Each structure stands twice: as structure tokens, then as C-alpha cells.
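Throughout, read-outs are computed from the coordinates displayed, never taken from laboratory work. Owing to the predicted nature of the structure, the values given are computational and were not obtained by experimental measurement. Ideal geometry is used to build each Cβ from the backbone, glycine not excepted, and the neighbour counts take in all protein chains shown.
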Amino acid sequence: AYLARAHLTQDRVQVDGSGLSALDEMSAAQVGGFLTYVAHQPYFTTFEHSMIHIGRTKHCTFMCGFMDHTAADGHVWLKTGNLANQWNYAGYAHAENGDLIAFTLMFDGLQENNFFNQAIHPIDATTVDVARWPHEPREPHAAAPASGGVQGSSGLPGSVASVLPASVTAAVRRAYAPGDVVAASVVNVATGRVVAQANGQTELQGGLLPRLV
């Protein structure tokens, strides 16, 4: 009933709300739509402030030090979704130009021994890019190919593509399903306009992100 009120697709699979089930699946676009809906509800501030406040020591928990002295410092609230081989973020950025941005970033299927370091650098870089909007990500029609970037990466910022490991960059391409997947959805809350999206409709394990919903 809640998803219907929020005009969200109801085809996601959520076995429970704990986020600990490997059977839970959702897409970046679905979570982005959910966050956009909540941003227009009277309980938005309470909901937003229940998440980790980047750069604020009393609220940053284990993420203290992540993204300090960047555009995200003090301007981003997020929920992490790490579980087994997933490392995901979802939340809000109060961008430099005053826009409220909802974002969902999902790194799924990381198999290497250093999957934490493999995911954390690019996913943090993407979060900082969201906070820097409108400087990055650029509009698709205005984006120039980044040197050493990812071909077919659906407009991911060059600063992110340049630090993605080869095993991940190979997965960031349109209509790619098996194996490692990077999914992202970034939405301007005021207009509901999708700012950037890659594999947005792909159903992935959400880690602990089901707790948001």
C-alpha cells in the first residue's frame, strides 16, 4: 500500500526489513524514487536525520573521516548497505547550488579479497560528485568522453570512472546483467528529474538498504 501511494513499482523483492537476507532485491531506481517521495512528506527531516551525517563526528559512526574536507562534508546524509560482497549508499545531498539530490549507489558482486577498498573509493567519489551538482555529473548531451574513462558507462562522472578497478568498470555498461554490477540513480528531488543513471532498473541485493524502506 505504501509503494502504491508513492507511485513506485511493486516488483522488488523484500523478504524482510532487516536487510540481512540475501533474497532481498531492489533497484537503484526504485530506492531513488522512494527517497524522492519521502522528501515531500512531513516526516522527511526526521527520516533524513536518522541517517549518517557525513563529516559530523557525533553522527558519522564508523564513517567518520570518509569524505571529510570535500563537498559532501556536512551536506550529505546517507544509509550504508554493506553486506557480504555488496557496498551501497543511499541518501540525500544538499548540493552546492541549493538543490536537494536523492541518490542510490549500489556496488554488487564484488568478489576480490579487497572488496572494501575496491568499492569505497569510487562510491565515495560518486557521493562527492552528487554534492557538487551541478558541476558533476554533467548533462548527458554535454558530457565529453573522459580520458581513460569507461566506454558505455551511461554517463558516470569521469572522476569516478578513472578510479574504478578493471573488474568493476567492465560491468558498468548498459543492459549488463550477469556478474559484477554497478548501479546508480541520482534524482533532483524538487523536479523528480533523473540527473544520472546507470543500470538503474537492475534488481540487486540491497545489503542493509531494505532498512530504509
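Of note:
- Amide hydrogen neighbours beyond the local backbone of MET51, cut-off 5 Å, H modeled: none
- Each peptide among 182-192, 50-60 gets the average number of other Cβ atoms lying within 10 Å of its residues, and from highest to lowest they stand as 182-192, 50-60.
- The overall shape of the range 1-97 is oblate: from the C-alpha gyration tensor, with semi-axes ordered a ≥ b ≥ c, the ratio a/c is 1.5 or greater and a/b is no larger than b/c.
- Overall, the range 1-108 carries a charge dipole of about 240 debye about its Cα centre when +1 sits on the Cβ of Lys and Arg and -1 on the Cβ of Asp and Glu, all other atoms neutral.
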